[in-house]
1. Can you give me the angle between helix B:152-162 and the longest principal axis of chain B, using Cα atoms only, in degrees from 0 to 90, rounded to the nearest 10?
2. Percent of alpha carbon pairs in region B:64-192 separated by more than 23 Å?
3. Do the sum for chain A: with -39,500 (n - 2.57) for every DSSP H run of n ≥ 4, divided by all residues, what is the mean residue ellipticity at 222 nm, to the nearest 500 deg cm²/dmol?
4. Which number comes out as Rg/Rh for region A:4-123 once both Rg and the Kirkwood Rh are worked out on C-alpha atoms?
5. Projecting each Cα onto the charge dipole of chain A (Lys/Arg +1, Asp/Glu -1 at the beta carbon, about the Cα centre), which of A:Ala52, A:Ile125, A:Ala28 comes out farthest on the positive side?
6. What is region B:40-199's relative contact order, in percent, from Cα pairs under 8 angstrom and six or more apart in sequence?
7. Which ³J(HN,Hα) values in Hz, rounded to whole numbers, follow from the phi angles of region B:21-33 under the Karplus curve 6.51 cos²θ - 1.76 cosθ + 1.60, where θ = phi - 60° and Gly and Pro get x?
8. Toward the positive end of the charge dipole of region B:42-199, about the Cα centre and with charges on Cβ (Lys, Arg +1; Asp, Glu -1), which of B:Ser178, B:Gly143, B:Thr163 goes farthest?
Protein chains: 2
Amino acid sequence: MTKPAALTAERILQETEEVLRTHGASRATVMDVARALGVSHGTVYRHFRTKAELREAVTRRWLKNASGALVLIVQEGGESAPDKLRRWLSALFAAKRRKAGEDPQLFATYEGLLGEHSQVVEEHIGELVGQIEEILEQGVARGEFRYPHPDPSISARAVFDATAPFHDPKHAAGWHRSGIETEFSAVLDLVLLGVTVPS
Amino acid sequence: MTKPAALTAERILQETEEVLRTHGASRATVMDVARALGVSHGTVYRHFRTKAELREAVTRRWLKNASGALVLIVQEGGESAPDKLRRWLSALFAAKRRKAGEDPQLFATYEGLLGEHSQVVEEHIGELVGQIEEILEQGVARGEFRYPHPDPSISARAVFDATAPFHDPKHAAGWHRSGIETEFSAVLDLVLLGVTVPS
């Protein structure tokens, strides 16, 4: 028996992802998800009032899953800022590549949803750039980093843009190409040289 | 009267681009182009034996138009290597952006052709990375540049990859966004800091 009391927004979003996985982006309406959960649509409507709201929430959750682990790296102490930036950028690439590789069809479905919800994408990018800015700030405070641009947030955006081939889904088709690891590590070296104070 | 003697490969490719512009990628067969030129298809076949060959040649020509002016920058003397690299990358962005902006439909058509002829795209990228490598080499010889990676060609590829949001057609939708100039110039600053020998 489904217990409506236990029906959290998170549970609905999990099921929405299942509906997306099995039926694609054209489905995943409030009705579809209610049916899959075995509850009335009124129950789902208590959490998400429209199809657009539901789809936006599931897209936000999907992006969040990738960036959640990254914030832990930002907050950790005990390593130099260059090591931390390198580790953070590698973790971002690994997370995006995993998502693209393990279920390419679901990835494509979410790609479509990203197009519908550009505001959600902007927020996600803003969050990631904010995390880079924090790492740069820590490095500047430790005397390890310099800002390539006078504005710290524009500097962080430059680091984000310069590594786009290794996290922007537009490049996903090349992420399992041979030589991609070497290319990524060379860009990391270039970016790190750019932000590191010469010794 | 059309004079068959004057029908060069270049003239056929110009007309092929016109056919692509007005009819899209589904047309532009040898027959279509012969008709547009008012010649027999046998005349065109003397230059291009198949539709695939014709389409590959027009794609190569289109990419070449963008990179032809860039090689002149590489060969010029009289400026520092950092200035030259900055100018070359700016010219690349300007050329790609102009192509995307002045005729978006033709750009989209060529995008489709690029997908059909990945070998041509690889050659084009190889040529551009080769030009970057030459500028880096000049800079290293002048004591202005260092290679971020021990291998000069991998270093050049890193510069190419790090500036992808400003030349890779996958990013074309964002090239007229406000703030793009600032973002580009911040990435240039970052890349230049990465390859420049600290003073």
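1. 80
2. Numbers: 2673 of 8256 pairs.
Percentage above 23 Å: 32.
3. -23000 deg cm²/dmol, from helical runs alone.
4. Using Cα coordinates only, the ratio equals 1.06.
5. Working it through, the farthest residue towards the positive pole turns out to be A:Ala28.
6. Values: 114 pairs, mean separation 40.8, N = 160.
Answer for region B:40-199 is 26 percent.
7. 5, 8, 10, x, 5, 5, 7, 6, 8, 4, 4, 4, 5
8. Sorting the options by dipole projection puts first B:Ser178.
The values are calculated or read from the model by the stated rules, or taken from the named source; none is laboratory data. Note that the structure is a prediction, hence the values are computed from the model and not measured. FYI the Cβ positions are ideal-geometry reconstructions off the backbone, even for glycines, and counts take in every protein chain you see. Ligands, DNA and RNA are stripped out before the accessible areas are found, and what is left, the full protein with its side chains, is counted by its heavy atoms. Shrake-Rupley method; radii C 1.70, N 1.55, O 1.52, S 1.80 Å.
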